[in-house]
Amino acid sequence: MKVDNLVVKVDNKEILKGIDFELKDNEIGVIFGQNGSGKSTFLQTLMGFSDYKVKNGQIFFENQNITNESIDKRAKLGMGIMLQKPPVIKGVKLIDVLKLLNNNEEEILNLAKKYNMESYLYREINKGFSGGEIKRSELFSLIIQSPKLALIDEPESGVDVDNLKLIGEMIKNLIQNRSGIVITHTGEILKYLPDNSKGFIFENGKVIKKGLAKELFKDIKKFGFRRGDES
């Protein structure tokens, strides 16, 4: 995944202001930043959501320029996303969507047993789910999809301690031998990510500092985000 000088507008307001970002195969990138810094906009732009208008720059994935490609094309190339606040989908059961992602029902059932997700399969998507249940359902869908690049938006937000451990283990398994971009606000998810994960601090639609994710987060805890642009 490579992003060059990405400028994005939402409702005619410039949100991303020249983002440069690169991950090699099997690398994990972690994005930090305050609310409104452009983190979620960045992930949803990468996935191709239509509300996010690319005004300048390019997005490359699997040696292809995907800047103007559809969500469907990006998914077929191997991209998948877990949204921070996914919608409730009434009348559609989780198993129905999972079969679209992977037509091997036996594999789905085996993985559901492995991740203790069997009771979720025949429920309507996210209807009546707790915060932790929504996160687990979304992550399980990603596991079934098995993308080359997993985009994960604040997996620990609104999650209790017990669910955080389950979610962390799911992410740890999901990103083995593949690439991922994870947004975190609390940093709790870092304990489940590789020590060599790359970190990026976003501020006002720009990347203001890069480095090892766990080292950057130590600085953030000490000094806050405003020190992010200091060496």
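Is it true that Ser137 is touching a residue at least 12 places away in the same chain (Cβ under 8 Å), out of contact with any Lys or Arg (no Cβ under 8 Å at 6 or more places or on another chain) and not acidic (Asp, Glu)?
It is true that Ser137 is touching a residue at least 12 places away in the same chain (Cβ under 8 Å), out of contact with any Lys or Arg (no Cβ under 8 Å at 6 or more places or on another chain) and not acidic (Asp, Glu).
So which residues in the stretch 35-49 are of a type outside the set (Val, Ile, Thr), more than 13 Å from Gly180 (Cα to Cα) and surrounded by 16 or more Cβ atoms within 10 Å (Cβ to Cβ), if there are any at all?
Ser37, Gly38, Lys39, Ser40, Phe42, Gln44, Gly48
What number of residues within the stretch 177-212 are touching a Gly at 6+ places or on another chain (Cβ under 7 Å), under 12 Å from Gly33 (Cα atoms) and not in a strand (DSSP E or B)?
Residues flagged as touching a Gly at 6+ places or on another chain (Cβ under 7 Å), under 12 Å from Gly33 (Cα atoms) and not in a strand (DSSP E or B) within the stretch 177-212 amount to 1.
Glu215 versus (1) in contact with a Ser or Thr (Cβ under 9 Å, 6 or more places away or on another chain); (2) more than 22 Å from Met47 (Cα to Cα): which is the lone unmet condition?
(1)
Looking for whichever is at pLDDT 95 or above and among the acidic types (Asp, Glu) here; the options are Glu203, Glu133, Glu230. Which one fits?
Within the list Glu203, Glu133, Glu230, the selection yields Glu203.
I need the full set of residues from the stretch 184-196 which are buried (at least 19 other Cβ atoms within 10 Å of the Cβ) and over 15 Å from Ser40 (Cβ atoms), in order please.
Result: Ile189, Leu190, Tyr192, Leu193.
Report yes if Glu138 is acidic (Asp, Glu), crowded, with 19+ Cβ neighbours inside 10 Å, part of a helix (DSSP H, G or I) and at pLDDT 90 or above, otherwise no.
yes
Just checking, how many residues over the stretch 146-173 are surrounded by 20 or more Cβ atoms within 10 Å (Cβ to Cβ) and either without any contact (Cβ under 8 Å) to a residue 12 or more places away in the chain or under 22 Å from Gly48 (Cα atoms) (or both)?
8
The values are calculated or read from the model by the stated rules, or taken from the named source; none is laboratory data. Computed from a prediction, not measured in an experiment: that's the story for all the values here. Virtual Cβ from ideal backbone geometry, glycine too; neighbours counted across all protein chains shown.
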